[in-house]
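Structure first, then comments.
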């Protein structure tokens, strides 16, 4: 006999909003994940998700035009704009040759795993986004941007699917914005296929307002000799969970992840990554720098899995955190799961306050203590994005970090 | 690399031929009826001549246990345990009659002691022939002189009873109490009542609660204020009977400014069935006191296919109650089919220190999920974790540890280093640390690495004529050196040999 789960108000409202289907059945069976689900150990979604607003209404043509008009760009990019869960095709920039885009309704999932709450939510609530195909051998110099702006305290489901052909080279920017004090909710799932010999840069910039809920997944598969760089900045939102799941399944493929998570106010920001190495001779490096201040709670869970066949895997991960306030919290769970013997895997995690010696050094040279502190924090974070191939992007990211640091007066 | 015949032969031998403590002792025992119910608990309590309050305490734990669920979060797989198919009490029968000389002692028992490497003088004591302090007929035997001056007090627990404790009188001179816990419950109820389950609460976890209901023996140590225990204390655990579980309970209290070093060792016969060992160890350390707790765990690991072996589900926790107190756990884990064990420190007192040094070696089909918890509550507390995992054969070896700093634990400091070594491509090594900082002045550092034995190192040894297996043992011993150095001398030698034995046959 299965014990029937007593659903809480959020689960009830979700079930009421959603139709019948496997997602509803799964939600009815598992409910939202709690601490007891290992993948959600530090983010008790059932407790933290207080409310799921109704789906955003369709923008009128007039509103869409206004919204798309003054859209702030991060860097010069080919823009495929999204507003309140809709892809505004008519305002999209033209794509260069060898590249096609179409409206995308998300993958129809079924049999959701117990810890796949984000997939499950999207299954329940639906999604819209773009499907991009990059032909083999094409090099696109200007990044392709997929910015999403929320303009209402509503729910938006976003789904993107990107496939990069053999030997192609491209950068893509996934970006999320919303105003402060607006209870928006975004559920975003992206799938990326990196073809043989392809070279892809994937940027995630999450700069929501202070009351936003952002639940996102990025699924990637890497083919033989391909290269992927992920650049991620989380500097907004109230409840944020970004999952990155990468299957390194092509020999000689290479993966780099650079992430900065800025956690302030009352926010809860969770970054959970799973790198699965399944074939021989692959490499991955990951560097995360986090700052937690005020009453923020930062979470980092990073798993490196190496299958038995994945000999000569070289996987490294570092997660460094500055904890600047006694009311802030940071929880880290770096995990190694290794089944192959000829590997070089390691992870390091540190949580500290600013080093007193460094402070003293600057102070002794006449820099006031507050200024010295700010300088050291900035240096700690900025280092992550030093020497990015795209200078414009580097500047844009640093500018956002500066704004956040000033606003969160650390 | 294809396996050559030699390798296959070598692998076959692991665990089975190499486990030298796999013998059984054929002595008459008295057992409680098989299974677990309130009557069995009453039986155990009566056998131990326990006061009423203890029985009530056990029954209460049993009732709570019935409502609990077995934990499933560890990375171990085993068939469901039938808790009613176990004997919860087994004791060597002719123990109470008190033999007069070694000739009268059940020769099987003596043979056991001999195989365990316990010298004759100790055997006399263990068999109850001679009381501590009485002259022995063996006095002057040169072969025994090492142990004549041996400064190690031993408590031997055979299945469910503590058979003897040595050096009791001498320890009593300095006020140290070292006795089986069942004796402590009768003779020192005020201490037991005050401290029992004060570190590991009765309903802490499934196995700890089970232990509360059925624990049969174990050691009780009390070090009074300001006393530095004059010798090493040690307990030797052995499971002998078939289908029995061993549920030992150890309680160590170190009063203000005292110090004690405690060692435990464990072995079990080779059997095809799995046997259960669910122990609880509680350490209480007051101001400026220190407990050093070392374990060499060598329960029968089962054969290479995972048949038989001990299920080792242990809850060990120390509470640094006083300021500037210190607990140091050192463990060498080479045995058991399944190990589920997390010796932890609650760093409550300001300036208290916790240490955890571990070597976990798994081979054959062994599964280890072990680590530690360092809970920083007081100010200026520090902890250090060094864990070395070595997996070979088809084993799975997981380090799982938690380091947390409470909001008020300012200047908490932790350093963690977990290294894993893989030998062969059929095994797994996993690292799952949980790092939780709630205080900005906390300084936590964690690093973990996983690799195989470097070809260069191996080549260097081979080139100098060292056979491959020996070379691996040599490199592995170098790998674990940091931890071995923390063990008391007698154990360090044993541990080094054990690691060699455990890894034999793992070359391939």
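Tabulated data
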{"quantity": "Shielding score for B:445-455, defined as the mean number of other chain Cβ atoms within 10 Å", "calculated": "6"}
{"quantity": "Cα-based Rg and Dmax for the stretch B:184-281, where Dmax is the largest Cα-Cα distance (Å)", "calculated": "15.1, 48"}
{"quantity": "Theoretical FRET efficiency, 1/(1+(r/R0)^6), r = Cβ-Cβ of residue B:206 and residue B:470, R0 35 Å, to 0.05", "calculated": "0.25"}
{"quantity": "Calculated diffusion of the stretch B:417-508, Stokes-Einstein form, Kirkwood radius summed over Cα pairs, 25 °C and 0.890 mPa s, µm²/s", "calculated": "159 µm²/s"}
{"quantity": "Cα-projected label distance for residue B:384 with residue A:110, points at 7 Å along beta-carbon direction, nm", "calculated": "5.8 nm"}
{"quantity": "Mean-position separation - Cα centroids, the stretch A:322-357 and the stretch B:223-259, in angstrom", "calculated": "36 Å"}
{"quantity": "Over chain A, relative contact order from alpha-carbon pairs under 8 Å, at least 6 apart, %", "calculated": "9 percent"}
{"quantity": "Shielding by partners - mean other protein chain Cβ count within 10 Å, residues of B:415-428", "calculated": "3"}
{"quantity": "Ranking of A:354, A:231 by count of other Cβ atoms within 10 Å, fewest first", "calculated": "A:354, A:231"}
{"quantity": "Cβ-based exposure ranking for B:459, B:444, A:330, in which fewest neighbours within 10 Å come first", "calculated": "B:459, B:444, A:330"}
{"quantity": "Separation between Cα centres of the stretch B:379-418 and the stretch B:40-73, rounded to whole Å", "calculated": "33 Å"}
{"quantity": "Spin-label model distance (nm) - residue A:383 vs residue A:22, 7 Å beyond Cα toward Cβ", "calculated": "4.6 nm"}
{"quantity": "For the stretch A:79-353, convex hull volume per residue from C-alpha positions, Å³", "calculated": "114 Å³"}
{"quantity": "Whole-percent pair-distance distribution, where bins are 5 Å wide, for the alpha carbons of the stretch B:26-79", "calculated": "4, 15, 20, 17, 15, 13, 12, 6"}
{"quantity": "Two-site label geometry, residue A:358 and residue B:172: point separation in nm, points 7 Å out along Cα→Cβ", "calculated": "6.2 nm"}
{"quantity": "Kirkwood Rh in Å, taken over the protein assembly as shown so that all alpha-carbon pairs contribute", "calculated": "30.2 Å"}
{"quantity": "Ranked list, fewest to most other Cβ atoms within 10 Å of each Cβ, for A:146, A:232", "calculated": "A:232, A:146"}
{"quantity": "Förster-model FRET efficiency, 56 Å R0, residue B:39 and residue B:497, C-beta, rounded to 0.05", "calculated": "0.80"}
{"quantity": "Descending semi-axes in whole angstrom, ellipsoid equivalent of the stretch A:37-141, from the Cα gyration tensor", "calculated": "31, 20, 14"}
{"quantity": "Computed FRET value (nearest 0.05) for residue A:73 with residue B:482, which takes r as the C-beta separation and R₀ as 60 Å", "calculated": "0.65"}
{"quantity": "Cα gyration tensor shape of the stretch A:259-410, rounded if a/c is under 1.5, else prolate or oblate by comparing a/b with b/c", "calculated": "prolate"}
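Rule-based calculations on the coordinates, nothing more; no lab input. Just so it is clear, the structure is predicted and the values come from calculations on it, not from any experiment. Every residue, glycine as well, gets a Cβ built from its backbone with ideal geometry; the counts of neighbours run over all protein chains shown.
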